[in-house]
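Chemist: I'd like to ask you about the structure that follows.
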Amino acid sequence: MTRAPFPSALLQRITPGTLDRYLVRQMAPPFLISLAVVMTALLLERLLVLLNVLAADGGTLKIFAGLLADLIPHYLGLALPAAICVSVFAVVRRMSQNNEIDALMASGVSLLRIARPFILVGAVMGLMGFSLYGFIQPYARYDFRQAMYFAAHAGWAPHLQSGMFATPSSTLMLTADRVEGAGTHLHHVFIRDRSEGLERDISAESGTLRIADDRTSVRLDLKHGIIVTEREGETPTLVLFDTTTRLFNTVSQTHAFRLRGNDERELTLFELLHDLHTRDPTIRRPHLVAELHFRLARALAIPFIPILACALAGMAKRQRRNLGLAIAAISLVGFDHALQLGLSLVASRAMSPWLVIWGPFVLFCGCCIWLIAQRSGSAGAGPLRRRPFARPRPCPAASPSS
């Protein structure tokens, strides 16, 4: 028989088959459910903190939605490995309980072959994690800090009280007889604006204060009032209005918050490499080295998580309990804490990243490969595994016939 050309053979090996498509379809629902549950659990505590901060500072739901969107990349990076582990474990354990694994292995399909589609999915998730850790999270972290800074330092608007004269600038004065809703609903409002070389006096029955959409100014919506405009040397003008809107720039847009890059966690991978090459004195070099190795190790470890879950999901037929999921969870949490510890040690110049970051990485990945090899029966199998010093026994001589 003639062998197929190498490209055709390689294409046949990497093309998903019926078994691969079946396993991926079985993995998709528990993966989405696990991801949603873990994300909800991680975001719940931070959501309560955000609601308290925005309620005290007069923030809007739009600002809350923006802060929530900035938090999603960070917690998605934490939830992604957990969701992969739980979904693969659930699929393989169900197949093991339903004797599907036994049927596949009896037909010549090894556990490594069963784990192949999960490993490919883990590789795709690893690329997603690489983009998350390396490029999306730095921008999201900076945007979240900037939005929180502005929400907490919005100036005088959140602290306006009844009968108080607020002066957000040297040319602007605002007061209200009665203030409700944590400083957002005003009654009997009076404003004196002396900007642009004129004096503009505004009085209104009611008004609503909120942070503008650009997050750099305060918006005041007024209802049922009068605007008296007086310019030097001209006759004053009077305008009646039902509704009008005023914008007060209390914080400069260019100086609302510091520029991105003062923290190594706000830098992308390319920016970390650039700062290491140019030796930028803004951030200490050990912090840059630690952050670079930490992100790479976290991203490269994701494809090995399905291997760990697949190896621990199998259970004996008469076994009532399976501690595989607990062992997998402890392994993932311990590995993440080991990387966090290595990050701190490298940043403080205590140890080398090759020992405290890549050492746990090699140990974790090696244990995953060893477990799957043991479970599939490929470890230690083969003609080389023989008893030491064993010698072949000679065949007994045939006795002569009498």
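The values are calculated or read from the model by the stated rules, or taken from the named source; none is laboratory data. These numbers were taken from a predicted model, which means no experiment stands behind them. Note: ideal-geometry Cβ built from the backbone for every residue, glycine included; neighbour counts use all protein chains shown.
Chemist: Which residues, taken from segment 170-207, are among the small types (Gly, Ala, Ser), exposed (fewer than 14 other Cβ atoms within 10 Å of the Cβ) and at pLDDT below 80?
Modeler: Across segment 170-207, the qualifying residues are Ser170, Gly181, Gly197.
Chemist: If you go through segment 70-80 one residue at a time, do you hit one that is in contact with a Phe, Trp or Tyr (Cβ under 8 Å, 6 or more places away or on another chain), of a type in the set (Asp, Glu) and touching a residue at least 12 places away in the same chain (Cβ under 8 Å)?
Modeler: Scanning segment 70-80, I find at least one residue that is in contact with a Phe, Trp or Tyr (Cβ under 8 Å, 6 or more places away or on another chain), of a type in the set (Asp, Glu) and touching a residue at least 12 places away in the same chain (Cβ under 8 Å), so the answer is yes.
Chemist: Please state which one of Leu276, Leu292 is assigned to a helix (DSSP H, G or I), surrounded by fewer than 19 Cβ atoms within 10 Å (Cβ to Cβ) and modelled with pLDDT of 90 or more.
Modeler: Of Leu276, Leu292, the one residue that is assigned to a helix (DSSP H, G or I), surrounded by fewer than 19 Cβ atoms within 10 Å (Cβ to Cβ) and modelled with pLDDT of 90 or more is Leu276.
Chemist: Could you list all residues from segment 89-126 that are without any contact (Cβ under 8 Å) to a residue 12 or more places away in the chain and closer than 19 Å to Arg295 by Cβ?
Modeler: Val124 - this is the single residue of segment 89-126 that is without any contact (Cβ under 8 Å) to a residue 12 or more places away in the chain and closer than 19 Å to Arg295 by Cβ.
Chemist: Now for a different question. I'm checking my understanding of the structure. Among residues of segment 73-111 that are of a type in the set (A, V, I, L, M) and surrounded by fewer than 18 Cβ atoms within 10 Å (Cβ to Cβ), which one is nearest to Phe150 (Cα to Cα)?
Modeler: Result: Leu78.
Chemist: So, in segment 244-271, how many residues would count as being modelled with pLDDT under 90 and surrounded by fewer than 15 Cβ atoms within 10 Å (Cβ to Cβ)?
Modeler: Selection size over segment 244-271: 9.
Chemist: Quick check on my filter: what residues within segment 322-347 are buried (at least 17 other Cβ atoms within 10 Å of the Cβ) and either hydrophobic (A, V, I, L, M, F, W, C) or outside the structural domain of Arg284 (by TED's automatic domain parsing) (or both)?
Modeler: Answer for segment 322-347, where residues must be buried (at least 17 other Cβ atoms within 10 Å of the Cβ) and either hydrophobic (A, V, I, L, M, F, W, C) or outside the structural domain of Arg284 (by TED's automatic domain parsing) (or both): Ala328, Leu332, Phe335, Ala338, Leu339, Leu343, Leu345, Val346, Ala347.
Chemist: Which pairs do you get when a residue that is under 15 Å from Ala166 (Cα atoms), found in segment 187-207, comes within reach of a residue that is not in a strand (DSSP E or B), reach meaning Cβ atoms under 8 angstrom, with the pair 6+ apart or on two chains?
Modeler: From segment 187-207, the pairs are Asp193/Thr171; Arg194/Thr171.
Chemist: Then there is this: Search segment 77-134 for residues being among the polar types (S, T, N, Q) and closer than 23 Å to Leu323 by Cα, and hand back the single one that is nearest to the chain's Cα centre (by Cα).
Modeler: Ser87
Chemist: While we're looking at this one, here's another question. Restricted to segment 15-61, and to residues that are outside any helix (DSSP H, G or I) and farther than 22 Å from Pro73 by Cβ, which residue is modelled with the highest pLDDT?
Modeler: Among those that are outside any helix (DSSP H, G or I) and farther than 22 Å from Pro73 by Cβ, it is Gly17.
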